[in-house]
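Colleague: Structure incoming, see below.
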Amino acid sequence: MAIGFGIVGCGMISRFHAKAIESIRGAEIVACFDNYAPGAEKYAEEIGCTAYTDLDEMLADERVNVVNVCTPSGAHMEPAVAAANAGKHVVVEKPLEITLKRCDKIIAACRKNKVKLCTIFPSRFNPTMIEVKRAIDEGRFGQLTLGDAYVKWWRTQEYYDSGAWRGTWALDGGGAYMNQGVHNVDLLYSFMGDVEEVTGHVGTLAHTGIEVEDTGVATLKFKNGALGVIEATTSAWPGLLKTIEIHGTWGTVVVEEEEIHKWDFAKKSPRDRSITQKYGKGSSTSGGAADPSAISFEGHARQLKDFIKAIQNNTKPAVDGEEGRKSVEIILAIYKAAWTGKTVKLPLKSDPKIPNKK
C-alpha cells in the first residue's frame, strides 16, 4: 500500500518535494492545500492530486498519511501542529520554525500524538557529506580543531521584492543565516557537535526594504573545544558555492557544495583514492548560489526515503525535530550576540528579543 503525502503550501519548494516523492516507489502525493485557491488548483493539476483550500478538510482525507509543510518559515508551526493532532506524520521544510518556542510546540504536538517528525536538511544525505561524517566518526581527524562554514550567495533586490514575506522577521525569521545559511549551520553542527558559545556581527548592506540581515559573520566555540566560523550572505555577487571546512590534528577536508577540494589524512585509507575520484573535481552542482530554484531534489528524496523507513519500522528518522531545532538555536544565538555585542552561551534559555520590534 502506497504512503500518501499531503502538501501544505504550493510555492517553489513544494515542487522539489513533489519531484522527490514521485521518485520514491510506494509513495505518492494524494492531496495539496493552499490558502490561495488558484495556487492549490494549479499544483493539483500539475501533480495529479486533490486540491484543498481548507486545511482541516485535507487533514480529514484518509489517504493522507504524511503532511509536508512547505509554507514560509514563520508559518510552519500551525499546519504542523494541526497535522500532528490529526494523527498524520509530519515533514517540515527547513528551518523547523523561526523561534525555539514555536519549534518546541511542533515537537511536543508530534510527541503527544505519537507521530514521526522530520526537518528537511537534504545536505546531510549527500554522499559526500556522509563520507565526511564517517571519517569524523572513525576518528580520522584526530582531535577536531576547526570547523568552518561559508555561504556566500547572491540574491537580487527582485528576489526580496517578489514575496511580501521575504526578508521579514515574522515569516522569514531572519536573513542570510536563517534562510540561506541554515543548511551549512546544520551540517557544521552534525560534524562538530554542540556549540558552547558564539559571537557575531550582522548587517543589511546590499538590499533595501528588508528587516533582516543580508551579511553576517560569527565565531563559535564547540563543546569539544574546537573553534569555528560561520559566514552567511546574500550580498556576494555573483554567488559562490557553499563551503564546509573540517580540520583536526590528523586531517583536513574541504568540500565546496558536494565537491571535495581537499581530502588529506595523516593515516591513509584504501578508500581515499576512490572517494576523491568519485566526489572530486566535476562532481558538484551549481547549488543555489545565485538562483534559489537551481537545486536538486535528490537530497529531499533520500531524506524522505529515510523518513518512510522510520514510519514503517517505528524508528527514529535521521533528522528529527530535536535535530532540526539545533540549527535554529545556533542562529538565534548568533543574532543575539550581534544585537547585544556580547558572547552568547548555549543552550539559550529563551528566544532573543528582536531589536526595534514591539
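The values are calculated or read from the model by the stated rules, or taken from the named source; none is laboratory data. Only a predicted model underlies this, so the values are computations on that prediction, with no experimental measurement involved. FYI the Cβ positions are ideal-geometry reconstructions off the backbone, even for glycines, and counts take in every protein chain you see.
Colleague: Tell me, yes or no, whether the stretch 31-41 has at least one residue that is at pLDDT 95 or above, crowded, with 23+ Cβ neighbours inside 10 Å, touching a strand residue (DSSP E or B) at 6+ places or on another chain (Cβ under 6 Å) and in a helix (DSSP H, G or I).
Modeller: Looking only at the stretch 31-41, we keep the residues that are at pLDDT 95 or above, and these are 31-41.
Applying the additional criterion that residues be crowded, with 23+ Cβ neighbours inside 10 Å yields 31-34, 40.
Next, only the ones that are touching a strand residue (DSSP E or B) at 6+ places or on another chain (Cβ under 6 Å) stay: 31-33, 40.
Remaining after also requiring in a helix (DSSP H, G or I): 40.
Yes, there is a match, as at least one residue in the stretch 31-41 is at pLDDT 95 or above, crowded, with 23+ Cβ neighbours inside 10 Å, touching a strand residue (DSSP E or B) at 6+ places or on another chain (Cβ under 6 Å) and in a helix (DSSP H, G or I).
Colleague: Out of the residues in the stretch 319-353 that are of a type in the set (A, V, I, L, M, F, W, C) and surrounded by fewer than 18 Cβ atoms within 10 Å (Cβ to Cβ), which is nearest to ASN113 (Cα to Cα)?
Modeller: The residue in question is LEU348.
Colleague: Another one. Being touching a residue at least 24 places away in the same chain (Cβ under 8 Å), under 30 Å from GLU158 (Cβ atoms) and of a type outside the set (S, T, N, Q), is that true of even one residue in the stretch 304-320?
Modeller: Looking through the stretch 304-320, none of the residues is touching a residue at least 24 places away in the same chain (Cβ under 8 Å), under 30 Å from GLU158 (Cβ atoms) and of a type outside the set (S, T, N, Q).
Colleague: While we're on this one: Every residue in the stretch 214-230 that is crowded, with 20+ Cβ neighbours inside 10 Å and touching a residue at least 40 places away in the same chain (Cβ under 8 Å), please. Steps first, please.
Modeller: Start the filter on the stretch 214-230 by keeping residues that are crowded, with 20+ Cβ neighbours inside 10 Å, which leaves 214-216, 218, 220, 222, 226, 228, 230.
Result: ASP214, GLY216, ALA218, LEU220, PHE222, ALA226, GLY228, ILE230.
Colleague: Which of the residues spanning the stretch 74-96 are out of contact with any Cys (no Cβ under 7 Å at 6 or more places or on another chain) and either without any contact (Cβ under 8 Å) to a residue 60 or more places away in the chain or surrounded by fewer than 22 Cβ atoms within 10 Å (Cβ to Cβ) (or both)?
Modeller: Within the stretch 74-96, GLY74, ALA75, HIS76, MET77, GLU78, ALA80, VAL81, ALA82, ASN85, ALA86, GLY87 meet the criteria.
Colleague: Tell me whether the stretch 34-56 contains one or more residues that are under 17 Å from ASP306 (Cα atoms), in contact (Cβ under 8 Å) with a residue 24 or more places away in the chain and touching a Phe, Trp or Tyr at 6+ places or on another chain (Cβ under 8 Å).
Modeller: No, the stretch 34-56 contains no residue that is under 17 Å from ASP306 (Cα atoms), in contact (Cβ under 8 Å) with a residue 24 or more places away in the chain and touching a Phe, Trp or Tyr at 6+ places or on another chain (Cβ under 8 Å).
Colleague: Would you confirm whether any residue within the stretch 209-217 is in contact with a Leu (Cβ under 9 Å, 6 or more places away or on another chain), under 15 Å from LYS336 (Cβ atoms) and either among the small types (Gly, Ala, Ser) or not in a loop (DSSP other than H, G, I, E, B) (or both)? Walk me through it before giving the result.
Modeller: As a first pass, look at the stretch 209-217 and keep what is in contact with a Leu (Cβ under 9 Å, 6 or more places away or on another chain): 213-215.
Now restrict to residues that are under 15 Å from LYS336 (Cβ atoms): 213.
Subsequent filtering for residues that are either among the small types (Gly, Ala, Ser) or not in a loop (DSSP other than H, G, I, E, B) (or both) retains none.
For the stretch 209-217, residues in contact with a Leu (Cβ under 9 Å, 6 or more places away or on another chain), under 15 Å from LYS336 (Cβ atoms) and either among the small types (Gly, Ala, Ser) or not in a loop (DSSP other than H, G, I, E, B) (or both): absent.
Colleague: Of the residues that make up the stretch 57-73, is at least one under 17 Å from GLY324 (Cα atoms), hydroxyl-bearing (Ser, Thr, Tyr) and in a helix (DSSP H, G or I)?
Modeller: Taking every residue of the stretch 57-73 in turn, at least one turns out to be under 17 Å from GLY324 (Cα atoms), hydroxyl-bearing (Ser, Thr, Tyr) and in a helix (DSSP H, G or I).
Colleague: Collect the residues in the stretch 129-166 that are in a loop (DSSP other than H, G, I, E, B), under 19 Å from HIS247 (Cβ atoms) and among the polar types (S, T, N, Q), keeping them in residue-number order.
Modeller: Listed by number, the list holds a single entry, GLN143.
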